[in-house]
Amino acid sequence: MSGARPYATARQGLRTRLADRASLRARSRRLRLFERLLDPRAGETAVDVGCGTAGLATLGTPLAVTGVDRVPRAEYPGERFVQADATDLPFSDGEFDIAYSNSVVEHLPPADRPAFAAELRRAGGRWLVQTPNRAFPIEPHSLLPFVHWLPRGLGRRLWRLGVSGDPYDEVRLLGIRELRALLPDAVIVRERFGPLTKSFVAVGPRERVSRAPARG
């Protein structure tokens, strides 16, 4: 499991230190879920759409990972890096065994999300999409309570009190209904924080999702 800090580029303080610890634990659990449901094997290929500076390539999988992002990532640690838009991937149909995207879809304009979902499913034989749950009371980018539930004008004014470097208008969280509409052939797993659903993991297509225990 990578030691890369999820909130390394956010405003630093107690909130980000606590959030880093929680996020790293969540990433470890998500990797085990990924292994159990999609059963990645040595020699298989994966595309990590919206890879950022690390992503799937640092999580200790046996996959040959191609990273994709809209900005250059000169030191990307995977097999290769391709600069491209998530809604128009420069790959052939089924070019990868697995398509993966972690906390990306909520950064896309709602009108672009169907194209993103279609491209992910087109490029990968199996796929996984993770996204935060809009119904969770803490907005995960800003680490502010309830700001994503407020009227847009008020939420925009309060955003500066949070830790996020992302502009307010570039983050719109999804609910379960929107995720199901985007990926109707997915199995959706809830990632929980206590009794609450913190985020969703959609894996598919449904007929290719394994229920076998993770190896090791």
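Bear in mind that the values in this text are calculations on the coordinates, not laboratory data. Owing to the predicted nature of the structure, the values given are computational and were not obtained by experimental measurement. Backbone-built Cβ (ideal geometry, glycine too); neighbour counts: all protein chains shown.
Over the chain, calculate the relative contact order: mean separation of alpha carbon pairs under 8 Å at least 6 apart, over the residue count, as a percent. It would help to have the intermediate numbers written out before the result.
On the way: 386 pairs, mean separation 42.2, N = 216.
Worked out over the chain, it gives 20 percent.
By how many degrees, between 0 and 90 and to the nearest 10, does the Cα long axis of helix 14-38 differ from the longest principal axis of the chain?
With both axes taken from Cα atoms, the answer is about 30 degrees.
Find, among the chymotrypsin sites (Phe, Trp or Tyr not before Pro) in the stretch 134-216, those assigned to loop by DSSP (not H, G, I, E, B) with at most 15 other beta-carbon atoms within 10 angstrom. List each step's numbers first, then the result.
On the way: sites: PHE146, TRP149, TRP159, TYR168, PHE193, PHE200; in loops: PHE146.
Passing both the DSSP loop test and the Cβ count: PHE146.
Can you put ILE188, ILE138 in order of Cβ neighbours within 10 angstrom, beginning with the fewest? Mind dumping the intermediate values first?
Numbers: ILE188 14, ILE138 18.
Neighbour counts put them in this order, fewest first: ILE188, ILE138.
By count of other Cβ within 10 Å, fewest leading, how are GLU95, GLU75, GLU119 ordered?
With the fewest neighbours first, GLU95, GLU75, GLU119 line up as GLU75, GLU95, GLU119.
Report the antiparallel proportion of the DSSP beta bridges in the chain as a percent, rounded to a multiple of 5. Present the calculation step by step, with values, prior to reporting the outcome.
Numbers: 16 of 35 bridges.
Antiparallel: roughly 45 percent of the beta bridges in the chain.
May I ask for log10 I(q)/I(0) of the stretch 14-208 at q = 0.11 Å⁻¹, from a Debye sum over the Cα atoms as equal point scatterers with solvent left out?
Each listed q maps to, in turn, -0.49.
What number comes out for the charge environment of ARG113, summing +1 per Lys or Arg and -1 per Asp or Glu over other residues with Cβ under 14 Å away?
Values: positive: ARG121, ARG134, ARG172, ARG177, ARG180; negative: ASP85, ASP88, GLU106, ASP112, GLU119, GLU170, GLU178.
Result for the neighbourhood of ARG113: -2.
Considering only the other residues whose Cβ falls under 9 Å of the Cβ of THR197, what net charge follows from Lys and Arg at +1 and Asp and Glu at -1?
Details: positive: ARG190, ARG192, LYS198; negative: GLU191.
Net local charge, THR197 excluded: +2.
Name the residues whose placed amide hydrogens come within less than 5 Å of the amide hydrogen of VAL47, ignoring near sequence neighbours (fewer than 5 apart) on the same chain.
It is THR66, ILE98, ALA99, TYR100, by chain and number.
Please give the calculated 222 nm ellipticity per residue for the chain, where each DSSP H segment of at least 4 residues contributes -39500 (n - 2.57) and the sum is spread over every residue; nearest 500 deg cm²/dmol? Mind showing how you got there, number by number?
On the way: 4 runs with 50 residues, N = 216.
Result for the chain, helices only: -7500 deg cm²/dmol.
Anyone know which of LEU158, LEU63, LEU38 comes out most mobile in the 10 Å Cα GNM of the chain?
For the chain, modelled as a Gaussian network with Cα springs under 10 Å, the answer is LEU158.
Hey, with R₀ at 22 Å, roughly what FRET efficiency would ARG180 and TRP149 work out to, going by the Cβ-Cβ distance, to 0.05? List each step's numbers first, then the result.
Values: r = 20 Å, r/R0 = 0.93.
The pair ARG180/TRP149 has a calculated efficiency of 0.60.
Angle, helix 113-123 long axis vs. longest principal axis of the chain, Cα atoms, 0 to 90°, nearest 10?
The angle comes out at about 20 degrees.
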